[in-house]
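Student: Okay, here's the structure, questions in a sec.
The values are calculated or read from the model by the stated rules, or taken from the named source; none is laboratory data. All of these numbers come straight from a predicted model, not from anything done at the bench. All Cβ positions, even for glycine, are placed from backbone atoms using ideal geometry, and neighbour counts span all protein chains on display. Protein only, heavy atoms only, side chains kept; ligands, DNA and RNA dropped before computing areas. Shrake-Rupley method; radii C 1.70, N 1.55, O 1.52, S 1.80 Å.
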Amino acid sequence: MPKAGIIYNDVKPIAGRVAIELKDKLTAAGWNVCVTSSIGGILGYSNPESPVCHTPLDGLTPPGFDSDMKFAVVLGGDGTVLAASRQVAPCGIPLLTVNTGHMGFLTETFLNQLPQALEQAMAGEYEIEERAMLTVKVFRGDSVLWEALCLNEMVLHREPLTSMCHFEIAIGRHAPVDIAADGVIVSTPTGSTAYSLSAGGPVVTPGVPALQLVPICPHSLASRALVFPDTESVNIYPVNIPRLVMVVDGNGGCYVLSEDRVYIERSQYTVRFIRLQPPEFFRILREKLGWGLPHIAKPTSVELP
């Protein structure tokens, strides 16, 4: 009996209703179906009284989800996709992402197209696009305080008020550099169209084996986004601030003290997205972000000089 999964955003009533209907349809077709909420992929939010919300990487996979699963349907928006990615990446389960949110930059299809998309998934008529992930760890001495899988970006900044911080950052075996900024972002190519883009970083197409370091509001004209090979690890040391907060993929991570070290590297795991048609990244940029659209309308009824 083939096996499929459903991961849904239980905050959205429509996602819950569709999850039930989808389970019934797959079960009637002879599939073994496991259903779970994306809440299991949420990292949790730290606070001064509970500074570390640590969920081990192997503790995020939902019961019943394993490498025997043919695919899993994700019902939600981009946040749900990010959470689901952390849940299933260690198992290598392909994800069919269905947008029930707003932007849906990471989603493959919409609810009104779900019946046809499901038929294609059940028949195996799709391509797999793999996206790189990051492993983010916080060390105090030689002990790991916290770790997480990351598909978009890691952000390190001060709270509750934004102000300039100093970071000593070492990439691979290169000499450390000092950056003064409101915060720093380390992003994957997938995350280059998220927070990193808003902070002035470049768009990196998903197939490029690179990461990027982006200062947030840097206090120097010389501090700019840096793109480097994803074979290089990153170590970040807070210099002048007693406590910073880390946010991974828009989720709370943990507080980082001045004696801590943040370590980031490309993960051994990847996210495997189901593509119902050949991936076309520039089309997504055009549809979702308006990239490449003409600045001035060109009337078709008038002959231009």
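Student: In the list 265, 287, 259, which residue meets the criterion of being open to solvent by 60 Å² or more (accessible area, probe 1.4 Å), outside any loop (DSSP other than H, G, I, E, B) and modelled with pLDDT under 95?
Tutor: On the way: 265 fails: modelled with pLDDT under 95; 259 fails: outside any loop (DSSP other than H, G, I, E, B).
So the residue among 265, 287, 259 that is open to solvent by 60 Å² or more (accessible area, probe 1.4 Å), outside any loop (DSSP other than H, G, I, E, B) and modelled with pLDDT under 95 is 287.
Student: Same structure again: Scan 153, 127, 147 and give me the residue that is crowded, with 23+ Cβ neighbours inside 10 Å and closer than 20 Å to residue 271 by Cβ. Even if it seems obvious, please write down each step before you answer.
Tutor: Numbers: 127 fails: crowded, with 23+ Cβ neighbours inside 10 Å; 147 fails: crowded, with 23+ Cβ neighbours inside 10 Å.
Within the list 153, 127, 147, the selection yields 153.
Student: With respect to residue 110, determine if the residue is at pLDDT 90 or above, within 26 Å of residue 12 (Cβ to Cβ) and surrounded by 15 or more Cβ atoms within 10 Å (Cβ to Cβ).
Tutor: So residue 110 does not fit the description; no.
Quick grid of which residues meet (1) of a type in the set (Ser, Thr, Tyr); (2) in a strand (DSSP E or B); (3) surrounded by 20 or more Cβ atoms within 10 Å (Cβ to Cβ); (4) modelled with pLDDT under 95:
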site: 204; (1), (2), (3), (4): no, no, yes, no
site: 214; (1), (2), (3), (4): no, yes, yes, no
site: 220; (1), (2), (3), (4): yes, no, no, yes
site: 241; (1), (2), (3), (4): no, no, no, yes
site: 246; (1), (2), (3), (4): no, yes, yes, yes
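Student: Quickly run through segment 156-196 and pick out the residues that are open to solvent by less than 10 Å² (accessible area, probe 1.4 Å) and of a type in the set (Gly, Ala, Ser).
Tutor: 181, 183, 187, 191, 192, 196
Student: In a helix (DSSP H, G or I) and among the acidic types (Asp, Glu): which single residue out of 119, 130 fits that description?
Tutor: Unique residue meeting the criteria: 119.
Student: Still on this model: Determine whether segment 165-173 contains at least one residue that is in contact with a Gly (Cβ under 7 Å, 6 or more places away or on another chain) and touching a residue at least 24 places away in the same chain (Cβ under 8 Å).
Tutor: Taking every residue of segment 165-173 in turn, at least one turns out to be in contact with a Gly (Cβ under 7 Å, 6 or more places away or on another chain) and touching a residue at least 24 places away in the same chain (Cβ under 8 Å).
Student: If we scan segment 68-77, do we find a residue that is without any contact (Cβ under 8 Å) to a residue 60 or more places away in the chain and either open to solvent by 30 Å² or more (accessible area, probe 1.4 Å) or of a type in the set (Ser, Thr, Tyr) (or both)?
Tutor: no
Student: Provide a single number: the residues in segment 44-75 that are part of a loop (DSSP other than H, G, I, E, B) and either touching a helix residue (DSSP H, G or I) at 6+ places or on another chain (Cβ under 8 Å) or modelled with pLDDT of 75 or more (or both).
Tutor: 11
Student: Give me a count of the residues in segment 99-125 that are within 16 Å of residue 19 (Cβ to Cβ) and in contact (Cβ under 8 Å) with a residue 60 or more places away in the chain.
Tutor: Of the residues in that region, 8 qualify.
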